[in-house]
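Student: Following this message is one structure expressed as structure tokens.
Each value in this text was obtained by applying a stated rule to the coordinates, not by laboratory testing. Because the structure is predicted, anything quoted here is derived from the model rather than measured. Here Cβ is always computed from backbone atoms with ideal geometry, including for glycine, and neighbour counts include all displayed protein chains.
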């Protein structure tokens, strides 16, 4: 793995990835280790069963390995299980410049502080995932701090 940390890649796109059923855990662990150690800024995956491929631990590690990481997961099958991280994931989420992962379901109650932190730091990028509830103006106002202002058009 030492030589991987010296490589300078910025983007990796994987169009198809599948692991032998007997070695699925080992294969996934090795691939994620490579992705994190190479410190890729942008990863695009096209996987058939993303719920068995991507987990919260990978998302946390990837969010810490590079500044403003970008993760795009294109789903080539229906989602059979969703990833529902807990509130401790909020800090990791706010590190992502772009995250497009439709199997990810974020609790609206702790999404707003992460979103406001992102706005405060003027972080570029796109967030696309599912949320547990609609975000209303009331929800936003409750989470506002003195350094943030809401302007309605």
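Student: Determine, for 103, 112, 35, the number of other Cβ atoms within 10 Å of each Cβ, and report the residues in order from fewest to most.
Tutor: Working: 103 19, 112 16, 35 22.
Least to most surrounded, the residues fall as 112, 103, 35.
Student: Please arrange 119, 59 by how many other C-beta atoms lie within 10 Å of their C-beta, fewest to most. Let's see the in-between values first.
Tutor: Details: 119 10, 59 22.
Listing 119, 59 from fewest to most nearby Cβ atoms yields 119, 59.
Student: Using bins 10 angstrom wide from zero, how does P(r) for region 92-153 break down, in % of all Cα pairs?
Tutor: Once binned at 10 Å, the Cα pair distances of region 92-153 give 19, 54, 26, 1.
Student: A further question on this structure: Would you list 62, 102 from fewest to most Cβ contacts within 10 Å? Don't skip to the answer; put the middle values down first.
Tutor: Numbers: 62 23, 102 14.
Sorted ascending by nearby Cβ count, the order is 102, 62.
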